[in-house]
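Peer 1: First, the structure itself, so that you have it in front of you.
The values are calculated or read from the model by the stated rules, or taken from the named source; none is laboratory data. Here the structure is a predicted model, which is why all the values come from computation and not from measurement. Backbone-built Cβ (ideal geometry, glycine too); neighbour counts: all protein chains shown. When the accessible area is computed, the model is the full protein with side chains, heavy atoms only, and any ligands, DNA or RNA have been set aside. Shrake-Rupley method; radii C 1.70, N 1.55, O 1.52, S 1.80 Å.
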Amino acid sequence: MSADHHHHDHGHDHDHHHDNRYSDMQARVKALETVLTAKGLIDPAAIDVIVETYETKIGPRNGARVVAKAWSDPHFAAWLKEDATAAIASLGYTGRQGEHMRAVFNTPETHNLVVCTLCSCYPWAVLGLPPVWYKAPAYRSRAVIDPRSVLAEFGLTLPEDKKIRVWDSTAELRYLVIPERPDGTDNMSEEELAELVSRDAMIGTAIAGAPA
Ligand code: FE
């Protein structure tokens with residue numbers, strides 16, 4: 001567990017979803033969806049497609065551009081390390097749950113993994129909607145206790161001597177993992193590099209993809 005662990009302080013939190021409140025919201029959303037579907041006003045399959053698109057495509061593309069720029073531009077990488085909130089905002093990614101950002105850089109020695117042990121704090125501005133597993137109690141508890149096994153279940157087996165740092169998100173501070181730049185990508189443009197960066201690589205449950 002990282003010495004930089006931050007406590008959740010819900011006393012200063014105005015837009016935070018507590019578990020019970022979130023369940024209540026989910027129930028209301030479900031009820032609304034049921035009524036609208038029964039009236040023929042919406043198609044649940046179409047809604048699934050929209051949610052899936054925001055979870056895996058539109059949202060995380062912002063973060064992927066941040067990573068690709070950090071890989072391509074040492075000055076930007078230094079700024080990102082120093083003041084991630086400002087560096088990310090300079091690309092236009094700001095807003096709810098993205099106000100205070102910290103970028104944690106993977107290195108040959110250390111792999112970073114992000115969790116919110118208390119609820120589901122997530123950097124929406126750069127990653128979009130959190131995946132279901134990120135909000136699941138099993139991930140939230142086990143990522144801290146046994147990160148190596150959790151990563152193995154995601155298909156990511158790290159060398160035994162590689163250190164894993166776990167970062168606990170809060171309402172005040174959200175983390176973005178900057179994966180290591182893959183080998184064989186020296187001649188790739190930022191746009192091409194961004195394609196190698198998945199949502200999971202920026203949470204830390206994956207690494208960046210290899211070039212085709
Ligand atoms: Fe949280």
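Peer 1: Taking the alpha-carbon set of the chain, what are its Rg and Dmax in Å?
Peer 2: Looking at the chain, its Cα Rg and Dmax stand at 17.8, 58 Å.
Peer 1: As I understand it, the value is the acute angle between the Cα axis of helix 44-53 and the longest principal axis of the Cα atoms of the chain; what does it come to in degrees, rounded to 10?
Peer 2: 20 degrees
Peer 1: Straight-line reach from LYS163: which lysines fall under 26 Å, measuring Cα to Cα and dropping same-chain residues less than 8 apart?
Peer 2: Reachable lysines: LYS69, LYS81, LYS135.
Peer 1: OK, next. What aspartates and glutamates does LYS57 reach when the alpha-carbon gap must be under 20 Å and sequence neighbours fewer than 8 apart in one chain are set aside?
Peer 2: In chain and number order, the partners are ASP48, GLU190, GLU191, GLU192, GLU195, ASP200.
Peer 1: Could you pull out every one of the lysines with an alpha carbon less than 18 Å from that of LYS39, ignoring same-chain neighbours closer than 8 positions?
Peer 2: Reachable lysines: LYS30.
Peer 1: Determine the per residue accessible area of the chain with all protein chains present and a 1.4 angstrom probe, expressed in square angstrom.
Peer 2: 53 Å²
Peer 1: Compare the peptides 103-110, 63-70, 176-183 by average per-residue count of other Cβ atoms within 10 angstrom and give them in order, highest first.
Peer 2: 63-70, 176-183, 103-110
Peer 1: Under 5 Å between amide hydrogens, which residues at least 5 positions from LEU158 or on another chain qualify, with H placed 1.01 Å from N in the peptide plane?
Peer 2: HN-HN under 5 Å from LEU158: empty list.
Peer 1: Are there any trypsin sites (Lys or Arg not before Pro) in the range 140-212 that are in a DSSP loop and have at most 16 other Cβ atoms within 10 Å? List them by number.
Peer 2: Passing both the DSSP loop test and the Cβ count: LYS162.
Peer 1: Heavy atoms only, probe 1.4 Å: what % of the accessible area of the chain goes to carbon and sulfur, would you let me know?
Peer 2: Whole-percent figure for carbon plus sulfur exposure: 56.
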